[in-house]
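Q: Take a look at the following structure, please.
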Amino acid sequence: EAACASSDIEVVPLRVKYPQGAEKQLICAISGREVPSGGLPMDVGVLVQNVRTAAAVSVAVRTGQPLIEQVVTVTGPGVAEPKNLRVRIGTPLRHLIDFCGGFDGEPGKIILGGPMMGTAQLSLEVPVTRGAGGLLIFRQQDVDPRPEGPCIRCGRCVSVCPARILPTTIVAHARHDQIETAETLGVLDCIECGCCTYICPSMIPLVQFIRQAKGAIMAQKRNA
């Protein structure tokens, strides 16, 4: 705040509320403007940039160096020595785990990204990407063994969805390849925050099916 005192920059404190840091949710929380369904921040006169992007732009302009590095937090009960690492984009995950002392116990699940939005990896040769801020290592005993069950229509996924869509209804159509219906129901508005999957008592991987539906829709648009 002291550094911003003589500028047009204003620091706006917000209460901790996941996923308030998401682009559209942040715009609404700070300005009260709501980005319409299918719209972009520019539609409401806003440009959103995170601190890391601003820093990368500064480095590129001042030194000519493109974005070639990523800070990755390697943590979880399944890694021997958790660390924050600055690594080159493209570095295999295996190298990060080895640098952190290797596995602590039998690995059960490896997630690239955060605990809510990350994706499970099947290979340690997967490279670090520019959007990968975390690498979570879980032991076999840390992984929930419960299988997926049928939807019980509890509505919890709807109540926690920040995008105000109907995850369980969209997924029901997506699982039957009814992609057009899923698009009509607003699947592209999903920010993939993971709240629906996290709260689902039936262990349905809702975000996984939604991601697949979004990918199919975008592929259709590219090929049209």
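The values are calculated or read from the model by the stated rules, or taken from the named source; none is laboratory data. Keep in mind that what you see is a predicted model, and the values were worked out from it rather than measured. Positions of Cβ are backbone-derived with ideal geometry, glycine not excepted, and every protein chain shown enters the neighbour counts.
Q: Looking at region 36-53, which of the residues that are exposed (fewer than 11 other Cβ atoms within 10 Å of the Cβ) and in contact (Cβ under 8 Å) with a residue 12 or more places away in the chain is farthest from Pro115 (Cα to Cα)?
A: Gly45
Q: For region 30-121, which strands (runs of 3 or more DSSP E) that fit wholly inside it have 3 or more residues that are among the aliphatic types (A, V, I, L, M)?
A: Details: elements: 69-75, 83-88, 107-112.
Passing ranges, in order: 69-75, 107-112.
Q: For region 128-146, which positions are within 10 Å of Leu112 (Cα to Cα) and either out of contact with any Ser or Thr (no Cβ under 8 Å at 6 or more places or on another chain) or modelled with pLDDT of 95 or more (or both)? Break it down stepwise before answering.
A: Applying the first criterion (within 10 Å of Leu112 (Cα to Cα)) to region 128-146 yields 128-129, 131-137.
Hits for region 128-146 are Val128, Thr129, Gly131, Ala132, Gly134, Leu135, Leu136, Ile137.
Q: Additional query: Residues of region 30-52 being among the charged types (D, E, K, R) and within 17 Å of Asp189 (Cβ to Cβ), which ones? If you could, list the steps in order and put the result at the bottom.
A: Of the residues in region 30-52, the ones among the charged types (D, E, K, R) are 33-34, 43, 52.
Across region 30-52, the qualifying residues are Arg33, Glu34, Asp43.
Q: Which ones in region 147-163 are in a loop (DSSP other than H, G, I, E, B) and either surrounded by 16 or more Cβ atoms within 10 Å (Cβ to Cβ) or of a type in the set (Phe, Trp, Tyr) (or both)?
A: Within region 147-163, the first condition is being in a loop (DSSP other than H, G, I, E, B), and the residues that meet it are 147-155, 161-163.
Matches in region 147-163: Cys151, Cys161, Pro162, Ala163.
Q: Considering only region 1-17, state which residues are surrounded by 10 or more Cβ atoms within 10 Å (Cβ to Cβ) and either in contact (Cβ under 8 Å) with a residue 60 or more places away in the chain or over 27 Å from the mean Cα position of the chain (by Cα) (or both).
A: As a first pass, look at region 1-17 and keep what is surrounded by 10 or more Cβ atoms within 10 Å (Cβ to Cβ): 4, 14, 17.
Result: Cys4, single match.
Q: Among the residues of region 124-137, which ones are more than 13 Å from the chain's Cα centre (by Cα) and either free of Cβ contacts under 8 Å to residues at least 12 places away in the same chain or not in a loop (DSSP other than H, G, I, E, B) (or both)?
A: Matches in region 124-137: Pro127, Leu136, Ile137.
Q: So for region 12-25 (the condition being within 26 Å of Tyr198 (Cβ to Cβ), touching a Gly at 6+ places or on another chain (Cβ under 8 Å) and not assigned by TED's automatic domain parsing to the domain that holds Gly194), does at least one residue qualify?
A: no
Q: Now for a different question. Can you tell me how many residues in region 67-83 are farther than 19 Å from Phe138 by Cβ and either of a type in the set (Ser, Thr, Tyr) or loosely packed, with under 15 Cβ neighbours inside 10 Å (or both)?
A: Number satisfying all stated conditions: 3.
Okay, residues lined up against (1) in a helix (DSSP H, G or I); (2) surrounded by fewer than 16 Cβ atoms within 10 Å (Cβ to Cβ); (3) touching a residue at least 12 places away in the same chain (Cβ under 8 Å); (4) at positive phi:
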position	(1), (2), (3), (4)
Pro145	no, yes, no, no
Ile165	no, no, yes, no
Ile170	yes, no, yes, no
Gly215	yes, yes, no, no
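Q: Additional query: Looking only at residues in region 20-29 that are farther than 16 Å from Leu188 by Cα and outside any loop (DSSP other than H, G, I, E, B), which one is nearest to the chain's Cα centre (by Cα)?
A: Among those that are farther than 16 Å from Leu188 by Cα and outside any loop (DSSP other than H, G, I, E, B), it is Leu26.
Q: Can you go through Arg33, Arg86, Arg94 and tell me which one is surrounded by 12 or more Cβ atoms within 10 Å (Cβ to Cβ), farther than 30 Å from Leu166 by Cα, among the basic types (Lys, Arg) and free of Cβ contacts under 8 Å to residues at least 40 places away in the same chain? Steps first, answer last, please.
A: Numbers: Arg33 fails: farther than 30 Å from Leu166 by Cα; Arg86 fails: surrounded by 12 or more Cβ atoms within 10 Å (Cβ to Cβ).
One residue alone meets the criteria, Arg94.
Q: For region 69-80, does any single residue satisfy the condition of being in contact with a helix residue (DSSP H, G or I) (Cβ under 6 Å, 6 or more places away or on another chain), charged (D, E, K, R) and in contact (Cβ under 8 Å) with a residue 12 or more places away in the chain? Break it down stepwise before answering.
A: Kept after step one, since they are in contact with a helix residue (DSSP H, G or I) (Cβ under 6 Å, 6 or more places away or on another chain), are these residues of region 69-80: 74, 77.
Within this subset, residues satisfying the condition of being charged (D, E, K, R) are none.
No, region 69-80 has no match at all.
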